[in-house]
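The values are calculated or read from the model by the stated rules, or taken from the named source; none is laboratory data. All values derive from a computational prediction rather than experimental measurement. With ideal geometry, Cβ positions are generated from the backbone for all residues, glycine too; neighbour counts draw on all protein chains shown.
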Ligand SMILES: [Zn+2]
């Protein structure tokens, strides 16, 4: 029996086994993958762009990509708790969210009062499961199961501020994961790279006065939600720990790659992140229905390479990727295939 087949069978039968530290020079490394079919239960209603097929297309592609199989370790996880999400959201917002969620009847879909996010019967529990995926990624990385983890979750999270769900987001999963990494594992400095076509106003809001989490976003401007001007660089002790880059409509990946290399990389020489997290929105892809940028699949591979280089240089290769937006299922699958191919060093 071929080794690859044996490995595939083992990954079905056994929990992921710790692998040797992937050194920065390693050309191939394992990735812990997180997905749960219950993400489909968050129902946004007919015709809504944030639908389950966006994520399912990615999972189907990866599971059928034989050359990836030896490198991908699909891992189970549990939902975040209220205590976990209170690390980033105010109790008042979580009370409101729980109250509004409790009022949703089976089969009903209604908007969250704080802004443009739909609630169905399972929405909050699905969001808590997505936050749990981010925390499980941290565990996988910090316990050396694998230096890289990628969570294919929904609903997305980066528009959720401390006090408000909006932009299809209820809970800010990557922020929950960052605080968990700091409190559970004592990580001092975290870089969050947000490549979604939209500015991650929620993540910026949560860490705006914080010097332990550096938030970088390169996003289309003008576009929803309108925040993220380059002049927004943080406040208080967080001044200098937020970096925003505007990208004009129609741009390909050249501008974001330039920003990573010429603006972010020098800043990281000073900041020296111990863990790199990526808000992996894929709605900057050419042809996306909610954005007007034109990133190619090769562009996503180049972006992954540039982020991987930063992680290798400063963070022992530790990278946590988390899906955000991306509204054309086939494009999402293509982009993630390109990213994973780069991360594992396999075409
Ligand atoms: Zn987006």
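For the condition surrounded by fewer than 24 Cβ atoms within 10 Å (Cβ to Cβ), within 16 Å of the ligand (Cβ to nearest atom) and farther than 27 Å from residue 30 by Cα, residue 165 does not qualify.
Among residues that are surrounded by 15 or more Cβ atoms within 10 Å (Cβ to Cβ) and within 16 Å of the ligand (Cβ to nearest atom), residue 288 is included.
The single residue among 49, 70 that is out of contact with any helix residue (DSSP H, G or I) (no Cβ under 8 Å at 6 or more places or on another chain) and in contact (Cβ under 8 Å) with a residue 12 or more places away in the chain turns out to be 49. Can we say residue 154 is within 24 Å of residue 41 (Cβ to Cβ) and more than 16 Å from the ligand (Cβ to nearest atom)? No. Taken over region 307-323, the criterion of being touching a helix residue (DSSP H, G or I) at 6+ places or on another chain (Cβ under 8 Å) and buried (at least 19 other Cβ atoms within 10 Å of the Cβ) is satisfied by 307, 308, 310, 314, 317, 318, 319, 320, 321, 322, 323. Comparison of 251, 231 shows that the only residue that is surrounded by fewer than 22 Cβ atoms within 10 Å (Cβ to Cβ), within 18 Å of residue 282 (Cα to Cα), modelled with pLDDT of 95 or more and more than 21 Å from the chain's Cα centre (by Cα) is 251.
Among the criteria (1) more than 15 Å from the ligand (Cβ to nearest atom); (2) within 14 Å of the chain's Cα centre (by Cα); (3) buried (at least 24 other Cβ atoms within 10 Å of the Cβ), the one residue 283 does not fulfil is (1). Report yes if some residue within region 85-106 is part of a helix (DSSP H, G or I) and under 20 Å from the mean Cα position of the chain (by Cα); otherwise report no. Yes, because at least one residue in region 85-106 is part of a helix (DSSP H, G or I) and under 20 Å from the mean Cα position of the chain (by Cα).
In region 194-211, is there at least one residue being at pLDDT 95 or above, buried (at least 24 other Cβ atoms within 10 Å of the Cβ), away from the ligand (no atom under 16 Å from the Cβ) and over 18 Å from residue 159 (Cβ atoms)? So far as region 194-211 goes, no, none of its residues is at pLDDT 95 or above, buried (at least 24 other Cβ atoms within 10 Å of the Cβ), away from the ligand (no atom under 16 Å from the Cβ) and over 18 Å from residue 159 (Cβ atoms). Within the option set 113, 146, 125, being assigned to a loop (DSSP other than H, G, I, E, B) and more than 30 Å from residue 343 (Cα to Cα) holds for one residue only, 113.
Taking the listed residues 136, 127, the one that is more than 16 Å from the ligand (Cβ to nearest atom), farther than 22 Å from residue 98 by Cα and touching a residue at least 24 places away in the same chain (Cβ under 8 Å) is 136, with no other qualifying.
Among the helices (runs of 4 or more DSSP H) lying completely within region 189-305, list those that include at least 1 residues that are without any contact (Cβ under 8 Å) to a residue 40 or more places away in the chain and in contact with a strand residue (DSSP E or B) (Cβ under 7 Å, 6 or more places away or on another chain). Filter on region 189-305 gives 201-207, 254-259. Taking (1) within 23 Å of residue 140 (Cα to Cα); (2) in contact with a strand residue (DSSP E or B) (Cβ under 8 Å, 6 or more places away or on another chain) in turn, residue 346 satisfies each apart from (2). Could you tell me whether region 140-150 includes any residue that is at pLDDT below 95, touching a helix residue (DSSP H, G or I) at 6+ places or on another chain (Cβ under 9 Å) and either within 16 Å of the ligand (Cβ to nearest atom) or over 21 Å from residue 83 (Cα atoms) (or both)? Yes, some residue in region 140-150 is at pLDDT below 95, touching a helix residue (DSSP H, G or I) at 6+ places or on another chain (Cβ under 9 Å) and either within 16 Å of the ligand (Cβ to nearest atom) or over 21 Å from residue 83 (Cα atoms) (or both).
Here 322, 277 are screened, and the one residue that is under 15 Å from the mean Cα position of the chain (by Cα), more than 16 Å from the ligand (Cβ to nearest atom) and closer than 19 Å to residue 199 by Cα is 277.
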